[in-house]
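In what follows, a structure is listed as structure tokens, so that the remarks can point back to it.
The values are calculated or read from the model by the stated rules, or taken from the named source; none is laboratory data. Here the structure is a predicted model, which means the values were calculated and not measured. We place every Cβ from the backbone using ideal geometry, glycine too, and count neighbours over all the protein chains shown.
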Amino acid sequence: MNSKQAGKEARAAQLRAKAEAELARVIGVLDEAPDCSTEEILHELQVHQIELEMQNEALRQSQVLLEESRDSYVKLYDLAPVGYLTLTDQGLIAKINLTCATLLGMERNKLQQRRFSQFVMPEDSDRWHRHFQHTLKHDEKQSCELALRRSDGSVLHAWLNCQRVAADENSSSVHIALTDITAHNQATTINLQILSELRKKHEQLITLVDVLPDAIYLKDGESRWQTTNQVGRDLFDLQGKDWRGKTDLEMANEMPELRSVFEACVESDEMAFRSGGMYQTEEYITGTDGTRRDIEVRKFPRFAADGSRAGLVVIGRDITQQKAIQSALIKSEAKHKEQAKLLQTVLDALPAQVCAW
């Protein structure tokens with residue numbers, strides 16, 4: 001006989017005992033009324049019997065509903081996506097749902113009265129002990145992350161929400177909701193590795209860009225300065241200045257000696273965006289020492305999928321020396337042409353005999 005059948009028989013016996021007691025009470029009442037006829041007594045008993053049957057039917061229906069509700073609760077408890085377990089104040093597993101048993105890799109009946117700390121990884125053992133003792137002393141919900149060892153030796157990373165429940169004045173238990181965060185931790189580890197690699201590549205790229213001989217600037221869709229390399233910072237003497245996130249006009253207000261340069265940048269930025277492709281121009285900048293530097297500028301606009309302005313890549317090359325060489329070559333060529341012309345004039349003026357000789 002299973003426990004469920006035994007429970008039903010016990011409740012039936014209790015109900016019969018109550019019915020016999022009620023019948024004795026009714027008979028006692030009727031005995032105190034000697035004027036009642038046999039028919040009246042029989043009618044009263046029949047009415048009372050019907051009342052008892054109705055009450056019994058109502059109780060039976062209530063019991064069915066309670067059993068259905070209990071079964072539904074048990075299913076919800078066992079099939080919940082989160083592991084649930086109850087620990088005694090000694091840390092023993094008193095109750096555990098199927099989800100939690102599956103997470104720990106053992107059959108539920110083998111987990112009953114087993115010490116939960118047996119599943120805690122050695123490196124988390126002290127932390128779990130302090131957390132459990134702290135939970136037993138406070139009514140507020142306590143949370144922690146633990147590494148647990150499954151029965152097959154694999155590691156389960158879990159997040160525990162613990163709540164103390166007082167059984168009586170001298171004892172209490174701890175309800176725990178256990179969530180598997182192994183996949184989350186693995187994804188976080190992978191993301192951190194990817195982020196670390198991206199940082200390394202970013203640092204390498206910054207180093208590479210910094211050693212380039214050209215000035216490189218990155219601006220957003222509204223032409224606000226985002227980043228630049230060392231050559232770019234030196235060209236505008238930006239050391240110690242707050243330039244990130246500012247437009248050329250805002251830079252002009254802070255560096256009025258370069259206002260004409262920044263205003264030219266505003267104009268060429270707009271031309272680059274309007275061109276839709278690489279835009280090339282020449283600009284010049286005069287340093288604090290009064291030296292003029294000629295810059296060949298190439299601007300590459302970037303656009304978002306919807307066509308809006310996404311940013312601007314600016315590459316500036318100092319061509320001051322190149323232009324000086326070109327100018328010297330032009331002057332030298334002109335000088336040579338002038339000298340050749342003069343020589344030809346002299347030759348033309350000499351007598352024919354001299355030329356023949």
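So that you can scan it fast, the table gives a plain yes or no per residue for (1) more than 29 Å from the chain's Cα centre (by Cα); (2) in contact (Cβ under 8 Å) with a residue 60 or more places away in the chain:
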| position | (1), (2) |
| --- | --- |
| K110 | yes, no |
| Q118 | yes, no |
| K141 | no, no |
| R149 | no, no |
| S171 | yes, yes |
| Q193 | no, no |
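Considering only residues in the stretch 91-100 that are over 31 Å from the mean Cα position of the chain (by Cα) and touching a residue at least 24 places away in the same chain (Cβ under 8 Å), the one that is farthest from H131 (Cα to Cα) turns out to be A94. Can L103 be described as under 18 Å from N185 (Cβ atoms) and touching a residue at least 60 places away in the same chain (Cβ under 8 Å)? Criteria met by L103. Would you call E267 over 28 Å from L205 (Cβ atoms), part of a helix (DSSP H, G or I) and assigned by TED's automatic domain parsing to the domain that holds P301? So E267 passes the test. Which of the numbered conditions does K75 fail, given that it passes all the others? Conditions: (1) surrounded by 12 or more Cβ atoms within 10 Å (Cβ to Cβ); (2) without any contact (Cβ under 8 Å) to a residue 24 or more places away in the chain. Condition (1) is where K75 drops out. Beta carbons closer than 6 Å, at least 6 apart along the sequence or on distinct chains, pair a first residue in the stretch 218-234 that is on the phi < 0 side of the Ramachandran plot and in a strand (DSSP E or B) with a second that is surrounded by fewer than 16 Cβ atoms within 10 Å (Cβ to Cβ) and of a type in the set (S, T, Y) for L218/T227. Of the strands (runs of 3 or more DSSP E) contained entirely in the stretch 114-208, those carrying at least 2 residues that are modelled with pLDDT of 90 or more and among the small types (G, A, S) fall at 142-149, 172-180. The single condition among (1) surrounded by 10 or more Cβ atoms within 10 Å (Cβ to Cβ); (2) under 38 Å from the mean Cα position of the chain (by Cα) that A328 does not meet is (2).
Got a number for residues in the stretch 218-243 being within 26 Å of D306 (Cα to Cα) and either in contact with a Phe, Trp or Tyr (Cβ under 7 Å, 6 or more places away or on another chain) or outside the structural domain of A272 (by TED's automatic domain parsing) (or both)?
Going through the stretch 218-243, the residues within 26 Å of D306 (Cα to Cα) turn out to be 218-227.
Then drop every residue that is not either in contact with a Phe, Trp or Tyr (Cβ under 7 Å, 6 or more places away or on another chain) or outside the structural domain of A272 (by TED's automatic domain parsing) (or both), which leaves 219, 225.
Looking only at that region, the number is 2.
Taken residue by residue, the stretch 280-296 has no member that is surrounded by 11 or more Cβ atoms within 10 Å (Cβ to Cβ), more than 22 Å from Q321 (Cα to Cα) and of a type in the set (S, T, Y). You will find that of H129, H157, the residue that is over 24 Å from T102 (Cβ atoms) and touching a helix residue (DSSP H, G or I) at 6+ places or on another chain (Cβ under 8 Å) is H129 and no other.
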